[in-house]
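Please read the structure below before turning to the comments.
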Amino acid sequence: MAHDSAYDVARYSRISRVLHWIVALLVFLTWPMGLMIGFVKDEVKLDFYLIHESLGFLILWVMLMRVGARLYTPAPPIQGPAIERIAAHMVHGLIYIFLIIMPVSGFLATNAHGFPLQWFGLVPIWSPLGKSAQIAPLLSAIHEWSAWIVFGLFALHVVAVIFHRLIRRDATLYRIL
């Protein structure tokens, strides 16, 4: 297939594109920080937690804005064979779901461990859960598994971008740029 120009493809709305890249940036900052928390010195561990949790809470709100933007302005139709369209819809849907489950479970886990969130150390966030040694490990496990699922979905997303850009040589990438 010949290379399409950026003008030959229907694009996401401007707000959807901006929110997409904001979430991507926040996840690229938050996800590795979560991995590193177990390896940092105790003197700075709480600082890492604070930044990680604050960014995660921000991801939640930006994702909710993405859902609102998506409901207000639907995504442009996906081109290609039915199996690829189904796979794209599934991966996108799962990314949305897990980018909401992950920060919610992390926020609730933090509360259940007895550490209510002080957003960026400035704004106290109401805690829907009190300290609960029974539920905290479950919420932490959901948060951790969600993070790995997001990582796997991100990998599939990147493989699809590479496939469309380098193999198909189509303009799919321009939908979100």
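Taken over segment 27-50, the criterion of being within 16 Å of the chain's Cα centre (by Cα), within 17 Å of Thr110 (Cβ to Cβ) and touching a residue at least 24 places away in the same chain (Cβ under 8 Å) is satisfied by Thr30, Trp31, Gly34.
For segment 138-176, the tally of residues that are more than 20 Å from Leu99 (Cβ to Cβ) and either among the small types (Gly, Ala, Ser) or more than 22 Å from the chain's Cα centre (by Cα) (or both) stands at 7. Assess whether Ile51 counts as being in contact with a His (Cβ under 9 Å, 6 or more places away or on another chain) and over 18 Å from Ile15 (Cβ atoms). It is false that Ile51 is in contact with a His (Cβ under 9 Å, 6 or more places away or on another chain) and over 18 Å from Ile15 (Cβ atoms). Summed over segment 138-177, residues that are free of Cβ contacts under 8 Å to residues at least 60 places away in the same chain, over 19 Å from Met63 (Cα atoms) and either touching a His at 6+ places or on another chain (Cβ under 9 Å) or among the acidic types (Asp, Glu) (or both) total 3. Answer yes or no: is there a residue in segment 52-75 that is free of Cβ contacts under 8 Å to residues at least 40 places away in the same chain, assigned to a loop (DSSP other than H, G, I, E, B) and out of contact with any Cys (no Cβ under 8 Å at 6 or more places or on another chain). For segment 52-75, residues free of Cβ contacts under 8 Å to residues at least 40 places away in the same chain, assigned to a loop (DSSP other than H, G, I, E, B) and out of contact with any Cys (no Cβ under 8 Å at 6 or more places or on another chain): present. Out of the residues in segment 10-35 meeting the condition of being of a type outside the set (A, V, I, L, M, F, W, C) and under 21 Å from Phe120 (Cβ atoms), tell me which one is surrounded by the most Cβ atoms within 10 Å (Cβ to Cβ). Out of the qualifying residues, it is Thr30. In this structure, Met65 does not satisfy being loosely packed, with under 15 Cβ neighbours inside 10 Å and either in contact with a Phe, Trp or Tyr (Cβ under 7 Å, 6 or more places away or on another chain) or over 19 Å from Glu144 (Cα atoms) (or both).
Screening the candidates Gly121, Gly38, Gly106 for the property of being at pLDDT below 95 and either surrounded by 19 or more Cβ atoms within 10 Å (Cβ to Cβ) or part of a helix (DSSP H, G or I) (or both) yields one hit, Gly38.
Inclusion of Val158 among residues that are modelled with pLDDT of 90 or more and closer than 30 Å to Ser13 by Cα is warranted.
The values are calculated or read from the model by the stated rules, or taken from the named source; none is laboratory data. Remember, it's a predicted structure, so these values are computed and weren't measured experimentally. Cβ coordinates were reconstructed from backbone atoms using ideal geometry, including for glycine residues, and neighbour counts include every protein chain displayed.
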